[in-house]
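Some notes on the structure that comes next.
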Amino acid sequence: MITRSAAQLAAALESGETTSAQVTEAFLNRIGAVDGDVHAFLQVDSDGAMAAAAASDARRAAGAPASALDGVPIAVKDVLATQGIATTCGSKILQGWVPPYDATVVARLKAAGLPILGKTNMDEFAMGSSTEHSAYGPTRNPWDLDRIPGGSGGGSAAAIAAFEAPLAIGSDTGGSIRQPGAVTGTVGVKPTYGGVSRYGLIAMANSLDQAGPVTGSVLDAALLHEVIGGHDPLDSTSINAPATGFVEAAKQGANGDLSGVKIGVITELGGEGYQAGVLARFNESLEVMVAAGAQIVEVSCPSFVHALAAYYLIMPSEASSNLARFDAMRYGLRVTPDGDPSAEDVMRATRDAGFGDEVKRRIILGTYALSSGYYDAYYGSAQKVRTLISRDFEAAFAQADVLVSPTAPTTAFKLGEKLDDPLSMYLNDIATIPANLAGVPGMSLPCGLADEDNLPAGFQILAPAMQDARLYRVGAALESLLTKQWGGRLLDRVPELGGAR
Amino acid sequence: MSATPTAITREQVRHLADLARIDLEDAELDHLAPQLSVILESVASISAIAADDIEPTSHALPLTNVFRDDVVVPSLSAAAALSGAPQVEEQRFAVPKILGEE
């Protein structure tokens, strides 16, 4: 049961082969059996999930399911507000905070009938590429428990790879959906900026943040994207267009035909700094696509080499401003120093105690980049580079329907390996960051195991803004061709974890 | 274009943390200052890349102001809004004194 895709589970629910209560219970049992090792979850809401499953079964029995995924359970990254379930963002400053409202994404999941299993672990405030910056301890990669599951959404990706949930939600500011997808052998999609509501998504860098699907297959991601996407009047940056056509595109792609599709390989996102085994799987995937009729063109995006620098100025600047709301006055932790402290003394003590190292680094860096005298040289220049990156994308999409690269330069590294070397940690997002700066959609899907370490490598597909359907068409085609070649899904090769499969 | 400094001193970090309302301890200053210098060094090249006539981009997609009709819609109750507050008094957020001695 638990190794089935969300689409298969939905079909089994529709046919009456199983019930949402049975499915939800199976995943809760799996969480109970393996999450001690994996630590993908910060909160498990068994009662809430079982109640939602019972309600779903009642709708099915009455012949009125709320959506195609009604009754299929889901895990939600702890960055999204869930009414009645603690939401911490992986931070001590929000320990025990129970939101009085639902994020729009969460409200849509509930309206579509998906039982919420719980909240998944993440780097504190989504700052990191390894989930080691969580104040509640790291998540471990189901492929090798001594390695990182990627970040910041390592919990959601690991939950999928460990069969603890058939679907999950992530958020992606510089790669936090796609890079964990790459290193855990799962699928992750960052929609076009504005395609999925940010209402109730606790902001890190609001001009870059975007929530999206984390799943075991491309079709599952398309199904979930249609549930959570679309216009929301509560988010002023929400695009006023319907989120449709993704499932259709994935089904079309699954026939494996790529005739007439032009695929642009980005020169700057490959070569030096990329692990040999990652590049080998990437190049083989290109060959598979050519054999299926695709045409490969090499495209150059010269400004992408500056994307990391622009990102590490824009993101901390926005983060330092967004995180000013954690002031110990209205919600969250309050630390009161001895004596007769003022509100400001309380704020300072609380923010020192409540924020971890990485959050402090980024707040200070952002405060610096925004200070008078440095603003033009740093923040202003970074915004100009953002323009250059968008222009590179425009020129590249004039030559190709989609752009591709390895998702991350390496496979999963060891826990602790880069924890105190921030710059080396940041380099993990080198291939995913340009899409956030330009607002274009991106997908990562597994393209095999690297020869050096037998760990998953990710294949990234990027499309022009609002053309998310192309990701599903091309992604589903590559997935179907590779699955045929492998004789099964990559996820079927995840090592056995503690519990019975 | 003025030369941009690429190292950040311990005293600067202390000042920036003060602006950001974070009480950093001495050990944290020792730890963070060199790391921040390394990060800054790697991003400092940014100012030399884009020509003066390049327009800055703040958002990937063009933003327009969004209005809604001026009608009352349901919102959080006072109790719900105060439910996460560290301290509440008479249906209000209770905060420490906001003015110093003078």
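Annotations
- Of all the residues in region A:340-360, those that are buried (at least 22 other Cβ atoms within 10 Å of the Cβ), within 10 Å of B:I22 (Cβ to Cβ) and of a type outside the set (K, R) number 5.
- With respect to (1) buried (at least 17 other Cβ atoms within 10 Å of the Cβ); (2) at negative phi, the lone exception for A:I296 is condition (1).
- Criterion (touching a residue at least 12 places away in the same chain (Cβ under 8 Å) and either within 30 Å of A:S381 (Cβ to Cβ) or aromatic (F, W, Y) (or both)) met by exactly one of B:A78, B:A51, B:A60, B:A44: B:A44
- Checking each residue in region A:401-428 for being modelled with pLDDT under 95 and either closer than 23 Å to A:K384 by Cβ or hydrophobic (A, V, I, L, M, F, W, C) (or both) picks out A:L419, A:L423, A:M425, A:Y426, A:L427.
- Residue pairs meeting the criteria (Cβ under 6 Å; at least 6 apart or on separate chains; first at the interface with another protein chain (Cβ under 7 Å from one of its Cβ atoms), in region A:334-357; second among the polar types (S, T, N, Q) and in a helix (DSSP H, G or I)): A:R334/A:T350
- Qualifying positions in region B:41-57 - facing another protein chain (nearest Cβ under 7 Å) and surrounded by 12 or more Cβ atoms within 10 Å (Cβ to Cβ): B:S42, B:V43, B:S45, B:I46, B:S47, B:I49, B:A50, B:I54, B:P56, B:T57
Results for (1) more than 14 Å from every other protein chain (Cβ to nearest Cβ); (2) farther than 20 Å from A:Q179 by Cα; (3) of a type outside the set (D, E, K, R), shown as yes or no for each residue.
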position	(1), (2), (3)
A:A203	no, no, yes
A:V214	yes, no, yes
A:A221	yes, no, yes
A:G256	yes, yes, yes
A:I263	yes, yes, yes
A:Q275	yes, no, yes
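- Qualifying residue in region B:77-85 (condition: at pLDDT 95 or above, in contact with a strand residue (DSSP E or B) (Cβ under 7 Å, 6 or more places away or on another chain) and either under 29 Å from A:L427 (Cβ atoms) or of a type in the set (A, V, I, L, M, F, W, C) (or both)): yes
- Of the candidates A:P149, A:P138, A:P115, A:P142, the single residue that is in contact (Cβ under 8 Å) with a residue 60 or more places away in the chain, closer than 13 Å to A:I74 by Cβ and of a type outside the set (A, V, I, L, M, F, W, C) is A:P115.
- Condition met for A:G200 (touching a residue at least 12 places away in the same chain (Cβ under 8 Å), touching a Leu at 6+ places or on another chain (Cβ under 9 Å), crowded, with 24+ Cβ neighbours inside 10 Å and on the phi > 0 side of the Ramachandran plot): no
- Residues located in region B:19-40, provided they are facing another protein chain (nearest Cβ under 7 Å) and among the polar types (S, T, N, Q): B:Q35
- Residues that are among the hydrophobic types (A, V, I, L, M, F, W, C) and closer than 25 Å to A:M329 by Cα, drawn from region A:93-116: A:I93, A:L94, A:W97, A:V98, A:A103
- If you go through region A:400-447 and keep only what is under 17 Å from the mean Cα position of the chain (by Cα), among the polar types (S, T, N, Q) and either closer than 24 Å to A:V290 by Cβ or in a helix (DSSP H, G or I) (or both), you end up with A:T407, A:N428, A:N436, A:S444.
- Test for B:A94: is it loosely packed, with under 14 Cβ neighbours inside 10 Å, more than 7 Å from every other protein chain (Cβ to nearest Cβ) and modelled with pLDDT of 90 or more: yes
- Within the option set A:N141, A:N121, being within 22 Å of A:E452 (Cβ to Cβ) and not hydroxyl-bearing (S, T, Y) holds for one residue only, A:N141.
- Filtering A:A349, A:A395, A:A377, A:A382 for residues that are under 30 Å from A:E287 (Cβ atoms) and part of a helix (DSSP H, G or I) leaves a single hit, A:A395.
- Pair list, Cβ < 7 Å and 6+ apart or interchain, from region A:231-246 residues that are farther than 19 Å from A:A103 by Cβ and more than 9 Å from chain B (Cβ to nearest Cβ) to residues that are among the charged types (D, E, K, R) and not in a loop (DSSP other than H, G, I, E, B): A:T244/A:E226; A:F246/A:E226; A:F246/A:D468
- Scanning region A:262-286 for residues that are over 17 Å from A:E479 (Cα atoms), touching a residue at least 40 places away in the same chain (Cβ under 8 Å) and of a type in the set (V, I, T) returns A:V265, A:I266.
The values are calculated or read from the model by the stated rules, or taken from the named source; none is laboratory data. Bear in mind that the values here come from a model prediction, so they are computed numbers and not experimental data. We place every Cβ from the backbone using ideal geometry, glycine too, and count neighbours over all the protein chains shown.
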